[in-house]
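Some notes on the structure that comes next.
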Amino acid sequence: MLYSASETVFREVKELILSGELAGGELISEGDIAAQTNVSRTPVREAFLRLEAEGWMRLYPKKGALIVPVADGEAEHVVSARQLVETQSVRVVSVRPHAREALVAALRANLIEQREIADRGDVAAFSAIDADFHKMIVAAGGNPLLDSFYASLRDRQRRMTARSISRDPGQLSRILVDHTALTDLVETGDADGYNTAVLTHMRQVHGLGFEGTL
């Protein structure tokens, strides 16, 4: 698919933010991005305005664009929302044997890809397939409203995961172990076990303590 110059820059810069290559607090300029993407400043300016509207950057005239850091408390809120939505979907799937069987097959196929990407150490790709793993669980619940809501968390989830892995590459192997255990819980229809395990998984991945458990 062909995109306009503005759309291309928007996608490329947003991916750099989500993958952690552009870190929160970093200041970038239209000129730098224009040179990197080989376009004029006009499409870069348009892309920056869209990114500001989505909350990924803050523009300062004549100074540049500040990559907005993950807000205080954001990780807690994202984890809380994800736990509720994922567990509800597992409860639904637990009483639908055919849906559960199909979901487990898809999750195990996803795990194979996760391992291949982890072996390459590709943080950006891993954060994306990690988000896909959890999204498949929610989608299997068959509630389009929850599916849409969960999709709105995807970008925040990806950014948080990429940041955690960049800080501690050992997270890759731990996430794979956790995802395997979560898949086993889905297979047995253990929604209560899943609820506890997914909370522990997310809080450990994102470096959150367990005081005041959600």
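Would you mind getting the accessible area per residue of the stretch 104-184, heavy atoms of the protein chains only, 1.4 Å probe, in Å²? List each step's numbers first, then the result.
On the way: 3560 Å² over 81 residues.
Ligands and nucleic acids excluded, the figure is 44 Å² per residue.
Using only protein heavy atoms and a 1.4 Å probe, report how much of SER173 is accessible, in Å² to the nearest 10.
Taking all protein chains as shown, SER173 has close to 70 Å².
Work out, step by step, the length gained on full extension between LEU176 and ILE112: first 0.36 nm times the residue separation, then minus their alpha carbon distance; give nm to one decimal. Walk me through the numbers on the way to the answer.
Values: separation 64, 0.36 × 64 = 23.04 nm, distance 0.97 nm.
Result for the pair: 22.1 nm of gain on full extension.
Using a 1.4 angstrom probe on the protein heavy atoms only, could you order GLU7, GLU76, GLU21, GLU46 from most to least accessible area?
Descending order: GLU21, GLU46, GLU76, GLU7.
Per the 1.4 Å probe, what fraction of the accessible area of the stretch 34-191, in percent, lies on carbon and sulfur atoms?
The value for the stretch 34-191 is 54 percent carbon and sulfur by accessible area.
For HIS134, HIS77, give the ranking by accessible area with the largest first, probe 1.4 Å.
Largest accessible area first, the list is HIS77, HIS134.
Roughly how much of PHE48 is accessible, in Å² to the nearest 10, using a 1.4 Å probe?
Approximately 0 Å² of PHE48 is accessible to the 1.4 Å probe.
Given an 8 Å cut-off on Cα distances and at least 6 residues of separation, report the relative contact order of the stretch 1-58 as a percent.
Value for the stretch 1-58: 45 percent.
What percent does the relative contact order of the chain come to when contacts are Cα pairs within less than 8 Å and at least six residues apart?
24
Can you return the aspartates and glutamates within cross-link range of LYS62? Criterion is Cα-Cα under 16 Å, with same-chain partners fewer than 8 residues away left out.
Answer for LYS62, where 16 Å is the Cα cut-off: GLU26, GLU30, ASP32, GLU46, GLU52, listed by chain and number.
May I ask you to order 61-74, 149-162 by the average number of other C-beta atoms within 10 Å around their residues, highest value first? Show your work: numbers first, answer last.
On the way: 61-74: 12.8, 149-162: 19.1.
For the peptides 61-74, 149-162, the packing ranking is 149-162, 61-74.
The values are calculated or read from the model by the stated rules, or taken from the named source; none is laboratory data. Computed from a prediction, not measured in an experiment: that's the story for all the values here. Every residue, glycine as well, gets a Cβ built from its backbone with ideal geometry; the counts of neighbours run over all protein chains shown. All accessible areas refer to the heavy atoms of the entire protein, side chains included, with ligands and DNA or RNA removed. Shrake-Rupley method; radii C 1.70, N 1.55, O 1.52, S 1.80 Å.
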